[in-house]
Amino acid sequence: MAISTPEALWSRTDSRSRRWSLIVLAILCGVTAGLAFAAFDGASRTGSALDRLEARSNASDAVVFSSQVESAQPDWTKLSQRPEVRQIARWGLVFGLVDGFGDGGGVLFVPTDDVFMQQVDRPVVVEGRMFDPDEPTEMIITDDDQDGVGWSLGDVIHFDAFGTPLDAAPVPIDLTIVGVVHTSLAYEFTGGAFISPAFVRAYGDRVGIYENAMISLRNGSADVAALRRDASTDVGTGVPVLDLQVTARRVTATTDVEQAMLMLLGAVIAIAAVTFVGQALARSAAAIATDAPTLRALGMTRRQLTLAAVRPHLPVAALASGLSVVTAAVASRWFPVGLAAEVDPDRGIQIAALPALAMAAAVALLVVAGVGMAGWLAVGPNAEMITRRQSLVSRLGLGRHVTIGVGVRMALERGPAAVRGSSRSALIGAVAAVAGIVAIMTLDQGLTDSLRNPAVAGVAWDATVAPAQSDIEGRPPSRAELDAILSQPGLSAIGSIGRLVSNIDDVGVPTFTVFTLDPTSRSTRTVELVTLTGHPPRADDEITLGPSTARDLGVEIGDSVELADRSPATVVGLGLFPADVHAQFDEGAAVSNARYDSLTTASGAAESPDHLGPGFLIAVRFGDRAGLDKQISALNQALGSTGLEAVSVEQPLELTNLHHMQRLPLVLAVFLTILGAAAVGHALFSSVRHRRRDFAVMRALGVTRGGSRMVLAAQGSTVAVVGILFGVPIGLIAGRSGWRAITDRVPLIYRSPVALVAIMVIAPLVLVAANALAVIPGRRAARIDPALVLRSE
């Protein structure tokens, strides 16, 4: 019969007596480690969501809008032979009246070759199947389009396609939705409905199809500048080219923030695990200290005592490592979150074998190492002396407010080892919680302010007036209709936005100007385009460029560019412009009214005397933005049945997507609140448990029960004050730095966010919460019986 060693005998007895507490400890270790891993892994998947979707679909890099330069059926041969072009995938726009769009017109997309949506930009099928390329009446829709239109798999859509020429009778067609798909185009360009390429062969001679192309480049965005120049030469002068890596910021500007939030969430969970579960492990391993003197008398060395403390925790390490993998796998189905969850093509339970094994090994190693270190320290030669040093009562002093001074010292001074760790955790937890919450409030204030002031994204007006979607002719307004708009009460600014695609240094660039519509009015100003740096064009030889356009042209403020009328212009500023499907709000140029007329003549386009041609756009801004919906509705009533329609300006998707992620900061704020409360509460309970002798001595010296409660209240209040004093400025710096990083990334005009009301509220709330947490520990301290505690002294 084998003879057990002393450490094995003690370990076996200890395991049996504490088996349920050890199981609970293993569960805590495994669950917290798994959740932290899931959050970090979710952050990684968030950052790669769009890249993985693009890789899955062999996504294109740019769009050439040949339909915008009077080239409905262009010849792509020359462009396909350019060195930067890897592949061209052609598609067309088909206009008509579509069920689901009310009385207005709609547009559908159709591949015009066998490359688009079959080799390039292949969508991921979510429901049903892809269209049959030989069946002209089959159609697929993107999954982002279902909520907006209300279409679903199996629906039959009646489509009256506009004929060719435009005044020909519409062609009625019934289209069947055979699939719902997921594609990066829905986030970088546009979603919607895509008809089978057989539609072109069946109806191309009767229906107007306006062709464009997706371009796959050999070097991605690095080749876009060359593509813009070559497309202007090979396809049509000034043809718009949309860089899909630029429009990808609609997603990445948000997912970058979501990724940072998830990383912070993982860090918070990891800190909580180390702070609280780690302390529980350390206390569990230190349980051998009680029996250490007896075991030493039996001949056990410090090494044997440490091994005895570790052995009961080996099953804990094994169970925790397994639970961590299970928890991470289960939790992975909820990650990513926010916009990344919509984009991710692989959402669901996702956990890679190698990282999972590495996590399991790390959890087991950390548990064993942690209990080993705690056990080694617990059985050290000076362990008993360490636990008794620095008696609190010996340092009370004779101040008038003894109880408050004791509470402050308990929060800040080095006390017994067990209390010292919890006090530090409380201070760190309070600072982290306050800083995190203030940072989140500051970020939220920046988001809210940007939505209230869309000028930060180039939208310097509140609504636009243009021909209604059902008005195919797009005629300019009459003088009476224009007067109806100008007479609308509450208008503070109005102007006619001129837009044309014009060559700048042989690159097609959307070019804007704002014409004054009411020069005699003193109360109504002319709307202005947004200038980031420098100043708007004041002379005919000056120009303002969008930051992205300036980068593509390789110019800065002070440089000169050549315009389509073959005259130079000096770059005097960088600005933001109205965004549309062909360009982002940081792409474009602004010129003077006279220079715009010159460019219009050079392009061969015609303008009406009031600069309100068929493609006109009237921009209006109201003095009071609080009731925009009512004011826009009143403007539409004044327009009546004129064929004109006032619509509110859409927020850029970059802003909208950022605003949609607000749930994640809320979750993070809740976790930070729980972390701070748990840290402070744990420190207060630990103080009562480990300082029973000190409280007993104070009671024996005349401190009342109320005074004992005051000690704990003072300790909690001190921790709260430290959290406020350090957490608020740290949170403000972090929040503002984060918001500046977001505005630089999008880009937006930076407006320093200050959540003054929230900061003024958080300080008293933190103090109230700390004192509330001190209530129960204070009652326990007040109930301590000095005679019982000091009887052994």
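Structural remarks
- Ranked by the mean number of other Cβ atoms within 10 Å of their residues, highest first, the peptides 436-445, 80-89, 628-637, 545-554 fall in the order 436-445, 545-554, 80-89, 628-637.
- Counting only Cα atoms, the range 1-93 measures 94, 26, 16 Å along its principal axes, largest extent leading.
- Normalised by 2.2 N^0.38 Å, where N is the number of residues, the C-alpha radius of gyration of the range 654-723 stands at 1.76.
- Annotation: extensible slack from Ile674 through Arg302 equals 130.1 nm (criterion: 0.36 nm per residue apart, minus Cα-Cα distance).
- As a calculated quantity, the FRET efficiency between Leu765 and Arg19 at R0 = 30 Å, using C-beta atoms, amounts to about 0.10.
- When all alpha carbon pairs of the range 121-247 are counted in 10 Å bins from zero, the resulting P(r) reads 12, 33, 33, 21, 2 %.
- Look at the Cα gyration tensor of the range 329-382: its axes a ≥ b ≥ c give a/c of at least 1.5 with a/b over b/c, and that counts as prolate.
- Kyte-Doolittle mean at least -1.0 and Cα axial length at least 18 Å: DSSP H helices in the chain: 19-57, 249-272, 314-331, 353-378, 417-452, 663-690, 705-745, 756-773
- Kirkwood Rh and Cα Rg combined as Rg over Rh, evaluated for the range 285-364: 1.31
- Percent of alpha-carbon pairs separated by more than 20 Å within the range 626-691: 65 percent
- A cut-off of 5 Å between modelled amide H atoms, ignoring neighbours fewer than 5 places along the same chain, links Ile173 with Phe159, Asp160, Ala161.
- A simple spin-label model places pseudo-atoms 7 Å from Cα toward Cβ; at Arg663 and Asp134 they are separated by 4.5 nm.
- Zone residues, the range 443-458, relative to Arg745, backbone N less than 12 Å from point 7 Å out along Cα-to-Cβ: none
- Debye, to nearest 20: dipole size of the chain, +1 on Lys, Arg Cβ, -1 on Asp, Glu Cβ: 8320 debye
- Net length available on complete extension from Gln118 to Thr190 is 24.2 nm, with 0.36 nm assigned per residue and the Cα-Cα distance removed.
- Here the ratio of the Cα radius of gyration of the chain to 2.2 N^0.38 Å is 1.25.
- Taking 14 Å as the cut-off, the amide N atoms of the range 284-322 that come nearer than this to a point 7 Å along the Cα-to-beta-carbon line of Arg12 belong to 312.
- The listed residues Thr403, Thr46 rank as Thr403, Thr46 when sorted by accessible area, largest first, using a 1.4 Å probe.
- Remark on Asn503: its backbone amide H falls under 5 Å from those of Val509, Ala564, a criterion applied only to residues 5 or more positions apart or on other chains, H modelled at 1.01 Å from N.
- Cα-Cα P(r), the range 243-302, percent of pairs per 5 Å interval: 4, 14, 11, 10, 9, 8, 8, 7, 6, 6, 5, 4, 3, 3, 2, 0
- Taking N as its residue count, the alpha carbon Rg of the range 194-327 over 2.2 N^0.38 Å: 2.35
- Averaging over all projection directions, the Cα-based convex hull of the range 537-601 occupies 4.2 nm² in the image plane.
- FRET efficiency estimate (nearest 0.05) - Cβ-Cβ, Ile733 to Val775, R0 45 angstrom: 0.85
- Summarised as an ellipsoid, the range 647-793 has semi-axes of 48, 13, 12 Å, derived from the eigenvalues of the Cα gyration tensor scaled by 5 and square-rooted, with the largest first.
- Using the Karplus relation 6.51 cos²θ - 1.76 cosθ + 1.60 with θ = phi - 60°, the per-residue 3J(HN,Hα) values for the range 82-89 come to 5, x, 7, 8, 8, 7, 10, 10 Hz, with x marking Gly and Pro.
- With bins 10 Å wide beginning at 0, the percent of Cα pairs of the range 176-272 falling in each bin runs 11, 26, 30, 19, 9, 4, 1.
The values are calculated or read from the model by the stated rules, or taken from the named source; none is laboratory data. Note that the coordinates shown come from a computational prediction; the quantities given were computed from them, not determined experimentally. Glycine also receives a Cβ, built like all others from the backbone with ideal geometry; neighbour counts cover every protein chain displayed. Ligands, DNA and RNA are stripped out before the accessible areas are found, and what is left, the full protein with its side chains, is counted by its heavy atoms. Shrake-Rupley method; radii C 1.70, N 1.55, O 1.52, S 1.80 Å.
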